[in-house]
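The values are calculated or read from the model by the stated rules, or taken from the named source; none is laboratory data. Everything numeric in this text was worked out from a predicted model, so none of it was measured. FYI the Cβ positions are ideal-geometry reconstructions off the backbone, even for glycines, and counts take in every protein chain you see. Protein only, heavy atoms only, side chains kept; ligands, DNA and RNA dropped before computing areas. Shrake-Rupley method; radii C 1.70, N 1.55, O 1.52, S 1.80 Å.
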Amino acid sequence: MSDMESHRTGQETIETPGTAKTQTIRRGGGDPGARGRTTIADGVVEKITGMAARDVVGVHAMGSGMSRTFGAVRDRVPGGTKSGVTRGVKAEVGEKQTALDLEIVVDYGVAIADVARDVRENVVAAVERMTGLEVVEVNIAVSDVKLPDEEDEEPEPRIK
């Protein structure tokens, strides 16, 4: 094998008296999966958080009444900026950690402290599993309670 071939294949033949041994040499150093940086946008963490929070029993909606109303209108406008999944969620993302703020509406009759704990657990598990970021805090603001006889605040669609 020529020197050029051994350089391309990453193998080298080492000869000592009475033996010839081929050894594989790693080029570039270290684990290939650790070469380079991965950055995760705030919006990605916000979507994961929004989906995980909505999965918790007792969470009726995300965001305050006004943000839900404006969000419903914005969702109907072509090219609307924020998706409904991220409504009521704000993430601050660093290189290795993230902090989350959520605003939720709970269903009437649920224990708010239990719902908040379940939201925190579900959000932390989902964000850490999917992103590898450490969730340092999840702040939850309960902005409303959905009563059984209340209608949702989303405006009627103009076109049916």
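With all protein chains present and a 1.4 Å probe, how do ILE104, ILE112 order by accessible area, largest first? List each step's numbers first, then the result.
Numbers: ILE104 0, ILE112 75 Å².
The ranking, largest first, comes out as ILE112, ILE104.
For the stretch 53-60, take each phi angle, set θ = phi - 60°, evaluate the Karplus expression 6.51 cos²θ - 1.76 cosθ + 1.60, and give the result in whole Hz per residue in order, putting x for glycine and proline.
For the stretch 53-60, the Karplus curve yields 5, 5, 6, 7, 5, x, 8, 7 Hz.
So how much slack lies between ILE112 and ASP55, counting 0.36 nm per residue of separation and subtracting their Cα-Cα distance, in nm?
On the way: separation 57, 0.36 × 57 = 20.52 nm, distance 1.53 nm.
Extra length from ILE112 to ASP55 when fully extended: 19.0 nm.
For THR131 and GLU151, what is the calculated FRET efficiency with R₀ set at 41 Å and r taken between the beta-carbons, to the nearest 0.05? Mind showing how you got there, number by number?
Details: r = 37 Å, r/R0 = 0.90.
Calculated transfer efficiency: 0.65.
Quick one: 3J(HN,Hα) in Hz for the stretch 122-138, Karplus 6.51/-1.76/1.60 with θ = phi - 60°, rounded, Gly and Pro as x.
With coefficients 6.51, -1.76 and 1.60, one gets 5, 5, 4, 4, 5, 5, 5, 5, 7, 10, x, 7, 8, 8, 8, 7, 10 Hz.
Taking a probe of 1.4 angstrom, what is the accessible area of ASP55 in Å², to the nearest 10?
110 Å²
Test of understanding: what is the full-extension gain from LYS90 to ALA141, defined as 0.36 nm times their sequence separation minus their Cα-Cα distance?
Working: separation 51, 0.36 × 51 = 18.36 nm, distance 1.17 nm.
Residue separation times 0.36 nm, minus the Cα-Cα distance, leaves 17.2 nm.
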